[in-house]
Amino acid sequence: MNSELKKTLNPVQLWAIIVGMVISGMYCGWNYALDFTSPIGFIIAILIVTIFYTTFMFSYAELSTAIPHAGGPSEYSSRAMGDFGGFLAGFACLIEFLFATPAIALAVGAYIHFLVPGIPVVVAALVCYALFVLINCLGVETAARVELVVTIVAIVGLLLFAGAGITHVNISNITDGDMFRGGFKGIFAAIPYAIWFYLAVEGGAMAAEECKNPKKDIPKGFILGIITLVILSLLTFFVTAANIDPIALSKTDSPLPKALEAIYGVGNILSKIMSFIGLFGLIASLHGIIIAYSRQAFAMSRAGYFPAVLAKVNKQGTPVNAIILPSLVGMIFILTGKTATIIVISTFGAVVLYIISMISLFMLRKKQPNLERPYKVYYPIVPAVALVTAVILLVAMVVSNAATIIWVIGAFAIAICYYFIYTKLIKNASREKEYEEDRSEKIS
(Lines give C-alpha, C1' and ligand atoms only; values in the text may rest on other atoms or scores of the structure.)
Protein backbone atom coordinates (compact mmCIF):
# COMPACT_ATOMS: atom_id res chain seq x y z
CA MET A 1 0.00 0.00 0.00
CA ASN A 2 1.40 3.41 -0.99
CA SER A 3 1.59 5.81 1.98
CA GLU A 4 4.07 8.45 0.84
CA LEU A 5 3.08 12.09 0.36
CA LYS A 6 4.35 14.15 -2.57
CA LYS A 7 6.80 17.06 -1.94
CA THR A 8 5.45 20.06 -3.87
CA LEU A 9 5.05 23.05 -1.51
CA ASN A 10 7.21 26.20 -1.46
CA PRO A 11 7.34 28.82 1.37
CA VAL A 12 4.73 31.10 -0.24
CA GLN A 13 2.29 28.22 -0.60
CA LEU A 14 2.95 27.17 3.02
CA TRP A 15 2.33 30.78 4.15
CA ALA A 16 -0.93 30.78 2.16
CA ILE A 17 -2.05 27.51 3.79
CA ILE A 18 -1.23 28.85 7.29
CA VAL A 19 -2.90 32.24 6.81
CA GLY A 20 -5.75 30.71 4.84
CA MET A 21 -6.55 28.22 7.60
CA VAL A 22 -6.98 31.07 10.05
CA ILE A 23 -8.28 34.04 8.08
CA SER A 24 -11.96 33.13 8.40
CA GLY A 25 -11.57 34.06 12.08
CA MET A 26 -11.32 37.69 10.97
CA TYR A 27 -14.59 37.51 9.05
CA CYS A 28 -16.78 35.87 11.70
CA GLY A 29 -16.92 34.08 15.03
CA TRP A 30 -14.81 36.41 17.19
CA ASN A 31 -17.68 38.85 17.65
CA TYR A 32 -19.68 36.37 19.79
CA ALA A 33 -17.28 37.33 22.62
CA LEU A 34 -19.17 40.60 23.04
CA ASP A 35 -22.09 38.64 24.46
CA PHE A 36 -19.96 38.10 27.58
CA THR A 37 -17.69 41.11 27.91
CA SER A 38 -17.15 44.68 26.77
CA PRO A 39 -14.84 45.67 23.89
CA ILE A 40 -12.20 46.63 26.49
CA GLY A 41 -12.54 43.23 28.16
CA PHE A 42 -12.22 41.57 24.77
CA ILE A 43 -9.09 43.60 24.01
CA ILE A 44 -7.54 42.13 27.18
CA ALA A 45 -8.47 38.63 26.01
CA ILE A 46 -7.05 39.33 22.53
CA LEU A 47 -3.74 40.59 23.95
CA ILE A 48 -3.32 37.48 26.15
CA VAL A 49 -4.12 35.22 23.21
CA THR A 50 -1.83 37.16 20.84
CA ILE A 51 1.10 36.83 23.27
CA PHE A 52 0.45 33.11 23.43
CA TYR A 53 0.23 32.53 19.69
CA THR A 54 3.30 34.60 18.91
CA THR A 55 5.49 32.69 21.39
CA PHE A 56 3.87 29.39 20.46
CA MET A 57 4.48 29.70 16.72
CA PHE A 58 8.16 30.58 17.19
CA SER A 59 8.46 27.49 19.41
CA TYR A 60 6.43 25.34 17.04
CA ALA A 61 8.74 26.25 14.17
CA GLU A 62 11.56 24.47 16.03
CA LEU A 63 9.51 21.28 16.34
CA SER A 64 8.33 21.40 12.74
CA THR A 65 11.78 21.90 11.20
CA ALA A 66 13.39 19.24 13.41
CA ILE A 67 10.57 16.76 12.67
CA PRO A 68 8.91 17.62 9.32
CA HIS A 69 6.16 15.02 9.49
CA ALA A 70 2.54 14.95 8.29
CA GLY A 71 1.48 13.98 11.81
CA GLY A 72 2.76 17.27 13.17
CA PRO A 73 1.95 17.39 16.90
CA SER A 74 1.15 13.69 17.20
CA GLU A 75 4.62 12.85 15.90
CA TYR A 76 6.38 15.35 18.21
CA SER A 77 4.50 14.04 21.23
CA SER A 78 5.05 10.41 20.25
CA ARG A 79 8.81 10.96 20.19
CA ALA A 80 8.73 12.85 23.48
CA MET A 81 6.16 10.89 25.50
CA GLY A 82 5.63 7.62 23.68
CA ASP A 83 2.68 6.27 21.72
CA PHE A 84 0.02 7.35 24.21
CA GLY A 85 1.24 10.96 24.19
CA GLY A 86 1.24 10.90 20.41
CA PHE A 87 -2.32 9.61 20.34
CA LEU A 88 -3.56 12.27 22.77
CA ALA A 89 -1.96 15.07 20.76
CA GLY A 90 -3.35 13.69 17.51
CA PHE A 91 -6.85 13.32 18.95
CA ALA A 92 -6.78 16.88 20.36
CA CYS A 93 -5.72 18.09 16.92
CA LEU A 94 -8.61 16.26 15.27
CA ILE A 95 -11.08 17.75 17.80
CA GLU A 96 -9.77 21.20 16.91
CA PHE A 97 -9.95 20.81 13.14
CA LEU A 98 -13.01 18.58 12.81
CA PHE A 99 -15.07 21.08 14.82
CA ALA A 100 -13.52 24.13 13.19
CA THR A 101 -14.70 23.02 9.75
CA PRO A 102 -18.47 22.87 10.52
CA ALA A 103 -18.25 26.23 12.33
CA ILE A 104 -16.60 27.79 9.29
CA ALA A 105 -18.98 26.05 6.89
CA LEU A 106 -21.93 27.48 8.84
CA ALA A 107 -20.37 30.93 8.56
CA VAL A 108 -20.04 30.39 4.79
CA GLY A 109 -23.71 29.53 4.75
CA ALA A 110 -24.54 32.68 6.72
CA TYR A 111 -22.62 34.90 4.27
CA ILE A 112 -24.30 33.22 1.28
CA HIS A 113 -27.68 33.68 2.98
CA PHE A 114 -26.84 37.37 3.53
CA LEU A 115 -26.26 37.72 -0.23
CA VAL A 116 -29.12 35.42 -1.34
CA PRO A 117 -31.74 35.20 1.45
CA GLY A 118 -33.60 32.42 -0.36
CA ILE A 119 -30.74 29.95 0.23
CA PRO A 120 -30.89 28.31 3.71
CA VAL A 121 -27.72 28.59 5.80
CA VAL A 122 -27.36 24.84 6.47
CA VAL A 123 -27.88 23.87 2.82
CA ALA A 124 -25.26 26.36 1.63
CA ALA A 125 -22.85 25.12 4.34
CA LEU A 126 -23.21 21.45 3.36
CA VAL A 127 -22.82 22.10 -0.38
CA CYS A 128 -19.73 24.27 0.11
CA TYR A 129 -18.12 21.75 2.49
CA ALA A 130 -18.68 18.90 0.02
CA LEU A 131 -17.27 20.97 -2.86
CA PHE A 132 -13.98 21.64 -1.08
CA VAL A 133 -13.65 18.06 0.08
CA LEU A 134 -13.76 17.19 -3.62
CA ILE A 135 -11.15 19.83 -4.54
CA ASN A 136 -8.82 18.48 -1.84
CA CYS A 137 -9.10 15.03 -3.38
CA LEU A 138 -7.43 16.41 -6.54
CA GLY A 139 -4.08 16.65 -4.73
CA VAL A 140 -2.15 19.02 -2.46
CA GLU A 141 -0.55 20.95 -5.33
CA THR A 142 -3.96 21.84 -6.79
CA ALA A 143 -5.31 22.48 -3.30
CA ALA A 144 -2.37 24.78 -2.47
CA ARG A 145 -2.87 26.81 -5.65
CA VAL A 146 -6.55 27.30 -4.84
CA GLU A 147 -5.60 28.20 -1.26
CA LEU A 148 -3.08 30.81 -2.41
CA VAL A 149 -5.64 32.57 -4.62
CA VAL A 150 -8.48 32.63 -2.09
CA THR A 151 -6.13 33.69 0.73
CA ILE A 152 -4.81 36.67 -1.23
CA VAL A 153 -8.36 37.73 -2.12
CA ALA A 154 -9.36 37.40 1.55
CA ILE A 155 -6.42 39.56 2.70
CA VAL A 156 -7.25 42.21 0.09
CA GLY A 157 -10.85 42.12 1.36
CA LEU A 158 -9.75 42.84 4.94
CA LEU A 159 -7.58 45.73 3.77
CA LEU A 160 -10.47 47.15 1.72
CA PHE A 161 -12.75 46.83 4.76
CA ALA A 162 -10.21 48.64 6.93
CA GLY A 163 -9.85 51.38 4.34
CA ALA A 164 -13.64 51.84 4.08
CA GLY A 165 -14.17 51.87 7.83
CA ILE A 166 -11.15 53.44 9.49
CA THR A 167 -12.11 57.03 8.61
CA HIS A 168 -15.49 56.57 10.33
CA VAL A 169 -14.32 55.03 13.61
CA ASN A 170 -16.06 56.18 16.77
CA ILE A 171 -13.94 55.26 19.79
CA SER A 172 -16.96 55.70 22.06
CA ASN A 173 -18.31 52.41 20.68
CA ILE A 174 -15.32 50.76 22.40
CA THR A 175 -14.97 52.89 25.55
CA ASP A 176 -18.54 53.89 26.49
CA GLY A 177 -20.81 51.96 28.82
CA ASP A 178 -19.57 49.44 31.38
CA MET A 179 -15.92 49.13 30.35
CA PHE A 180 -15.48 45.87 32.27
CA ARG A 181 -18.89 44.28 31.73
CA GLY A 182 -18.83 40.69 32.96
CA GLY A 183 -15.64 41.19 34.97
CA PHE A 184 -12.95 38.51 34.90
CA LYS A 185 -15.54 35.84 34.16
CA GLY A 186 -16.57 37.77 31.04
CA ILE A 187 -12.94 38.01 29.90
CA PHE A 188 -12.50 34.27 30.50
CA ALA A 189 -15.66 33.55 28.50
CA ALA A 190 -14.32 35.72 25.65
CA ILE A 191 -11.07 33.77 25.35
CA PRO A 192 -12.35 31.02 22.96
CA TYR A 193 -13.48 33.76 20.57
CA ALA A 194 -10.15 35.58 20.83
CA ILE A 195 -8.49 32.25 20.02
CA TRP A 196 -10.72 32.09 16.93
CA PHE A 197 -8.62 34.94 15.47
CA TYR A 198 -5.67 32.51 15.31
CA LEU A 199 -7.17 29.03 15.56
CA ALA A 200 -5.55 26.40 13.29
CA VAL A 201 -2.39 28.43 12.61
CA GLU A 202 -0.37 25.42 13.70
CA GLY A 203 -2.05 23.37 10.96
CA GLY A 204 0.78 24.27 8.61
CA ALA A 205 2.87 21.66 10.41
CA MET A 206 0.69 18.94 8.87
CA ALA A 207 1.86 20.11 5.44
CA ALA A 208 5.54 20.02 6.46
CA GLU A 209 6.16 16.60 4.92
CA GLU A 210 4.96 17.97 1.57
CA CYS A 211 7.39 20.95 1.56
CA LYS A 212 10.23 20.83 -0.97
CA ASN A 213 12.79 22.04 1.59
CA PRO A 214 11.17 21.84 5.06
CA LYS A 215 14.25 22.95 6.99
CA LYS A 216 14.24 26.35 5.26
CA ASP A 217 10.63 26.66 4.14
CA ILE A 218 8.88 26.01 7.48
CA PRO A 219 10.44 28.86 9.53
CA LYS A 220 9.77 31.31 6.68
CA GLY A 221 6.16 30.21 6.29
CA PHE A 222 5.43 30.07 10.04
CA ILE A 223 6.98 33.38 11.06
CA LEU A 224 5.59 35.34 8.12
CA GLY A 225 2.21 33.72 8.74
CA ILE A 226 1.93 34.72 12.42
CA ILE A 227 3.08 38.28 11.68
CA THR A 228 0.43 38.59 8.96
CA LEU A 229 -2.29 37.27 11.27
CA VAL A 230 -1.44 39.50 14.24
CA ILE A 231 -1.64 42.62 12.07
CA LEU A 232 -4.90 41.58 10.40
CA SER A 233 -6.65 40.49 13.61
CA LEU A 234 -5.89 43.69 15.53
CA LEU A 235 -6.84 45.88 12.55
CA THR A 236 -10.09 43.99 11.90
CA PHE A 237 -11.22 44.11 15.52
CA PHE A 238 -10.49 47.82 15.93
CA VAL A 239 -12.23 48.96 12.75
CA THR A 240 -15.28 46.74 13.33
CA ALA A 241 -15.77 47.41 17.05
CA ALA A 242 -15.31 51.18 16.59
CA ASN A 243 -18.07 51.38 13.98
CA ILE A 244 -20.96 49.41 15.48
CA ASP A 245 -22.65 48.97 18.85
CA PRO A 246 -21.06 45.99 20.67
CA ILE A 247 -24.39 44.33 21.53
CA ALA A 248 -25.52 44.50 17.90
CA LEU A 249 -22.09 43.23 16.84
CA SER A 250 -22.41 40.18 19.11
CA LYS A 251 -25.70 39.11 17.50
CA THR A 252 -24.62 38.88 13.85
CA ASP A 253 -23.10 36.03 11.85
CA SER A 254 -21.54 38.51 9.38
CA PRO A 255 -19.86 41.26 11.45
CA LEU A 256 -17.90 43.04 8.72
CA PRO A 257 -20.86 43.61 6.36
CA LYS A 258 -22.95 44.71 9.38
CA ALA A 259 -20.29 47.24 10.35
CA LEU A 260 -20.37 48.67 6.82
CA GLU A 261 -24.17 48.84 7.00
CA ALA A 262 -23.84 50.83 10.22
CA ILE A 263 -21.61 53.30 8.36
CA TYR A 264 -23.18 53.49 4.90
CA GLY A 265 -26.75 52.26 5.47
CA VAL A 266 -28.61 48.99 4.98
CA GLY A 267 -28.31 47.51 1.48
CA ASN A 268 -25.27 49.57 0.45
CA ILE A 269 -23.04 48.14 -2.25
CA LEU A 270 -19.93 48.01 -0.02
CA SER A 271 -21.55 45.61 2.46
CA LYS A 272 -22.62 43.36 -0.44
CA ILE A 273 -19.08 43.41 -1.85
CA MET A 274 -17.67 42.63 1.60
CA SER A 275 -20.04 39.67 1.95
CA PHE A 276 -18.84 38.34 -1.38
CA ILE A 277 -15.16 38.82 -0.52
CA GLY A 278 -15.80 37.43 2.96
CA LEU A 279 -16.72 34.16 1.32
CA PHE A 280 -13.13 33.90 0.06
CA GLY A 281 -11.81 34.27 3.60
CA LEU A 282 -14.15 31.62 4.93
CA ILE A 283 -13.44 29.31 2.01
CA ALA A 284 -9.68 29.74 2.51
CA SER A 285 -10.00 28.46 6.08
CA LEU A 286 -12.45 25.70 5.23
CA HIS A 287 -10.19 24.51 2.42
CA GLY A 288 -6.98 24.77 4.44
CA ILE A 289 -8.33 23.01 7.50
CA ILE A 290 -9.54 20.11 5.38
CA ILE A 291 -5.89 19.74 4.28
CA ALA A 292 -4.79 19.76 7.94
CA TYR A 293 -7.24 17.28 9.45
CA SER A 294 -6.87 14.86 6.54
CA ARG A 295 -3.07 14.79 7.01
CA GLN A 296 -3.50 14.30 10.74
CA ALA A 297 -5.90 11.38 10.22
CA PHE A 298 -3.55 9.98 7.54
CA ALA A 299 -0.51 10.22 9.83
CA MET A 300 -2.30 8.67 12.82
CA SER A 301 -3.43 5.79 10.63
CA ARG A 302 0.08 5.32 9.28
CA ALA A 303 1.38 5.27 12.87
CA GLY A 304 -1.10 2.52 13.78
CA TYR A 305 -3.55 4.57 15.87
CA PHE A 306 -6.39 4.37 13.31
CA PRO A 307 -7.43 1.70 10.78
CA ALA A 308 -4.99 1.35 7.86
CA VAL A 309 -7.57 2.43 5.28
CA LEU A 310 -7.00 6.08 6.25
CA ALA A 311 -3.29 5.80 5.37
CA LYS A 312 -3.92 4.80 1.77
CA VAL A 313 -3.04 7.35 -0.94
CA ASN A 314 -3.97 7.40 -4.63
CA LYS A 315 -1.61 7.62 -7.63
CA GLN A 316 -1.24 11.38 -7.11
CA GLY A 317 -0.09 10.85 -3.50
CA THR A 318 -3.36 12.17 -2.03
CA PRO A 319 -4.88 10.55 1.10
CA VAL A 320 -8.43 10.48 -0.32
CA ASN A 321 -9.94 8.28 2.42
CA ALA A 322 -8.52 10.55 5.14
CA ILE A 323 -10.10 13.53 3.38
CA ILE A 324 -13.57 12.07 2.81
CA LEU A 325 -14.32 9.94 5.90
CA PRO A 326 -13.63 12.58 8.62
CA SER A 327 -15.63 15.13 6.60
CA LEU A 328 -18.76 13.08 7.28
CA VAL A 329 -18.35 13.87 10.99
CA GLY A 330 -18.12 17.59 10.23
CA MET A 331 -21.24 17.46 8.08
CA ILE A 332 -23.24 15.91 10.93
CA PHE A 333 -22.36 18.84 13.20
CA ILE A 334 -23.32 21.36 10.52
CA LEU A 335 -26.88 20.12 10.97
CA THR A 336 -26.90 21.40 14.58
CA GLY A 337 -26.44 25.00 13.42
CA LYS A 338 -24.81 25.93 16.77
CA THR A 339 -21.76 27.86 15.59
CA ALA A 340 -20.80 29.43 18.95
CA THR A 341 -20.87 26.07 20.80
CA ILE A 342 -18.84 24.39 18.04
CA ILE A 343 -16.22 27.15 18.33
CA VAL A 344 -15.80 26.48 22.07
CA ILE A 345 -15.32 22.73 21.45
CA SER A 346 -12.77 23.39 18.70
CA THR A 347 -10.76 25.86 20.78
CA PHE A 348 -10.67 23.48 23.76
CA GLY A 349 -9.10 20.80 21.57
CA ALA A 350 -6.64 23.38 20.28
CA VAL A 351 -5.49 24.49 23.74
CA VAL A 352 -4.99 20.90 24.90
CA LEU A 353 -2.89 20.35 21.78
CA TYR A 354 -0.80 23.47 22.46
CA ILE A 355 0.00 22.39 26.01
CA ILE A 356 1.04 18.88 24.92
CA SER A 357 3.18 20.34 22.10
CA MET A 358 5.07 22.72 24.39
CA ILE A 359 5.68 19.97 26.95
CA SER A 360 7.01 17.86 24.06
CA LEU A 361 9.44 20.62 23.08
CA PHE A 362 10.91 20.70 26.61
CA MET A 363 11.11 16.91 26.79
CA LEU A 364 12.77 16.59 23.38
CA ARG A 365 15.39 19.18 24.33
CA LYS A 366 16.36 16.88 27.22
CA LYS A 367 15.80 13.47 25.62
CA GLN A 368 17.25 14.25 22.19
CA PRO A 369 19.74 17.12 22.62
CA ASN A 370 21.57 16.07 19.44
CA LEU A 371 18.46 16.11 17.25
CA GLU A 372 19.15 18.30 14.23
CA ARG A 373 17.30 21.58 14.78
CA PRO A 374 17.75 23.85 11.73
CA TYR A 375 15.73 26.52 13.55
CA LYS A 376 16.02 27.05 17.32
CA VAL A 377 13.68 29.15 19.42
CA TYR A 378 15.06 31.36 22.24
CA TYR A 379 15.02 28.61 24.87
CA PRO A 380 13.63 28.26 27.53
CA ILE A 381 11.97 31.68 27.84
CA VAL A 382 9.80 31.73 24.68
CA PRO A 383 8.36 28.18 25.00
CA ALA A 384 7.90 28.72 28.76
CA VAL A 385 5.79 31.83 28.10
CA ALA A 386 3.77 29.85 25.54
CA LEU A 387 3.22 26.96 27.98
CA VAL A 388 2.20 29.16 30.92
CA THR A 389 -0.21 31.24 28.86
CA ALA A 390 -1.70 28.07 27.31
CA VAL A 391 -2.45 26.72 30.80
CA ILE A 392 -4.11 30.05 31.68
CA LEU A 393 -6.23 29.79 28.54
CA LEU A 394 -7.27 26.23 29.43
CA VAL A 395 -8.28 27.16 32.99
CA ALA A 396 -10.22 30.17 31.72
CA MET A 397 -12.11 28.04 29.19
CA VAL A 398 -13.01 25.32 31.71
CA VAL A 399 -14.22 27.86 34.28
CA SER A 400 -16.38 29.82 31.83
CA ASN A 401 -17.67 27.00 29.58
CA ALA A 402 -18.06 24.06 31.98
CA ALA A 403 -21.37 22.85 30.51
CA THR A 404 -19.86 22.49 27.03
CA ILE A 405 -16.38 21.36 28.06
CA ILE A 406 -17.71 18.39 30.06
CA TRP A 407 -18.84 16.79 26.78
CA VAL A 408 -15.40 17.29 25.25
CA ILE A 409 -13.73 15.73 28.29
CA GLY A 410 -16.11 12.79 27.84
CA ALA A 411 -14.98 12.49 24.22
CA PHE A 412 -11.34 12.36 25.37
CA ALA A 413 -12.24 9.64 27.89
CA ILE A 414 -13.87 7.55 25.15
CA ALA A 415 -10.84 8.12 22.90
CA ILE A 416 -8.47 6.95 25.62
CA CYS A 417 -10.51 3.76 26.08
CA TYR A 418 -10.43 3.26 22.30
CA TYR A 419 -6.63 3.72 22.30
CA PHE A 420 -5.98 0.98 24.84
CA ILE A 421 -8.48 -1.46 23.28
CA TYR A 422 -7.41 -0.85 19.67
CA THR A 423 -3.66 -0.85 20.29
CA LYS A 424 -3.98 -4.04 22.34
CA LEU A 425 -5.81 -5.71 19.46
CA ILE A 426 -3.15 -4.50 17.01
CA LYS A 427 -0.33 -5.79 19.21
CA ASN A 428 -2.04 -9.15 19.63
CA ALA A 429 -2.58 -9.40 15.88
CA SER A 430 1.07 -8.51 15.30
CA ARG A 431 2.26 -11.21 17.75
CA GLU A 432 -0.03 -13.75 16.09
CA LYS A 433 1.37 -12.84 12.67
CA GLU A 434 4.95 -13.18 13.93
CA TYR A 435 4.08 -16.56 15.47
CA GLU A 436 2.58 -17.81 12.19
CA GLU A 437 5.63 -16.60 10.23
CA ASP A 438 8.02 -18.33 12.64
CA ARG A 439 5.92 -21.49 12.49
CA SER A 440 5.95 -21.45 8.67
CA GLU A 441 9.73 -21.03 8.64
CA LYS A 442 10.20 -24.00 10.98
CA ILE A 443 7.90 -26.23 8.90
CA SER A 444 9.70 -25.31 5.68
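The values are calculated or read from the model by the stated rules, or taken from the named source; none is laboratory data. Just so we're clear, the structure is a prediction, and the values are computed from it rather than from any experiment. Ideal geometry is used to build each Cβ from the backbone, glycine not excepted, and the neighbour counts take in all protein chains shown. Ligands, DNA and RNA are stripped out before the accessible areas are found, and what is left, the full protein with its side chains, is counted by its heavy atoms. Shrake-Rupley method; radii C 1.70, N 1.55, O 1.52, S 1.80 Å.
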>> Expected output is a single nm value to one decimal: the length gained when fully extending between Phe84 and Leu115, i.e. 0.36 nm times separation in residues minus the C-alpha distance. What is it?
In response: 6.5 nm
> Once amide H atoms are built 1.01 Å from N in the peptide plane, which residues 5 or more positions from Leu9, or in another chain, come under 5 Å H to H?
Replying inline: Cys211, Lys212
>> Under the rule a/c < 1.5 gives rounded, and otherwise a/b versus b/c splits prolate from oblate, where does the range 281-363 land using the Cα gyration tensor?
In response: oblate
> What full-extension length gain, to one decimal in nm, is calculated for Thr167 and Ile135 as 0.36 nm per residue of separation minus the Cα-Cα distance?
Replying inline: 7.6 nm
> When the chain is fully extended, how far beyond the present Cα-Cα distance does Ala402 get from Thr175, taking 0.36 nm per residue of separation?
Replying inline: 78.7 nm
> Shape call for the range 97-172 from the C-alpha gyration tensor, a ≥ b ≥ c root eigenvalues: rounded (a/c under 1.5), prolate (a/b greater than b/c) or oblate?
Replying inline: oblate
> So what's the back-of-envelope 222 nm ellipticity for the chain, counting only DSSP H runs of four-plus at -39500 (n - 2.57) apiece and dividing by all residues, rounded to 500?
Replying inline: -25500 deg cm²/dmol
> How much accessible surface does Tyr379 have with a 1.4 Å probe, in Å² rounded to 10?
Replying inline: 70
>> What do you get for chymotrypsin sites (Phe, Trp or Tyr not before Pro) in the range 328-390 restricted to DSSP loop and a cutoff of at most 16 other Cβ within 10 Å of the site's Cβ?
In response: Tyr378
> Rounded if a/c is under 1.5, else prolate if a/b beats b/c, else oblate: with a ≥ b ≥ c from the C-alpha gyration tensor eigenvalues square-rooted, which is the range 2-136?
Replying inline: oblate
> Rounded to the nearest 0.05, what FRET efficiency is calculated for Val153 and Lys312 with R0 set to 35 Å and r the Cβ-Cβ distance?
Replying inline: 0.55
>> Under the rule that an exposed site lies in a DSSP loop and has at most 14 other Cβ atoms within 10 Å, name the longest stretch of the chain with no GluC sites (Glu not before Pro) of that kind, not counting the sites themselves.
In response: 5-371
> Do the alpha carbons of any pairs in Lys251/Lys272; Lys366/Lys424; Lys7/Lys312; Lys215/Lys424 sit beyond 25 Å of each other, and which pairs?
Replying inline: Lys366/Lys424; Lys215/Lys424
> Angle between the Cα long axis of helix 255-264 and the longest principal axis of the chain, 0 to 90 degrees, nearest 10?
Replying inline: 20
> What FRET efficiency would be calculated for the residue pair Lys272, Ile247, taking the C-beta separation as r and a Förster radius of 22 Å, to the nearest 0.05?
Replying inline: 0.35
>> Between Tyr379 and Leu425, what is the label-point separation in nm under the 7 Å Cα-to-beta-carbon projection?
In response: 3.9
> So, with a 1.4 angstrom probe, what is the percent of accessible area on the chain that is carbon and sulfur?
Replying inline: 70
>> Please list, in order along the range 374-379, the HN-Hα scalar couplings obtained from phi with the Karplus expression 6.51 cos²θ - 1.76 cosθ + 1.60 (θ = phi - 60°), rounded to whole Hz, x for Gly and Pro.
In response: x, 10, 10, 6, 5, 9
> Tilt of helix 83-115 relative to the longest C-alpha principal axis of the chain, in degrees (0 to 90, nearest 10)?
Replying inline: 30
> Going 7 Å from the Cα of Lys338 toward and past its Cβ, which residues in the range 99-132 have a backbone nitrogen under 14 Å from where you end up?
Replying inline: 103
> Hey, got a sec? Which trypsin sites (Lys or Arg not before Pro) in the range 164-229 land in a DSSP loop and have at most 14 other Cβ atoms within 10 Å?
Replying inline: Lys212
>> Just to verify a number: FRET efficiency for Ile227 and Tyr418, C-beta to C-beta distance, R0 = 45 Å, to 0.05?
In response: 0.70
> How many Å² of accessible area per residue for the chain, probe 1.4 Å?
Replying inline: 39
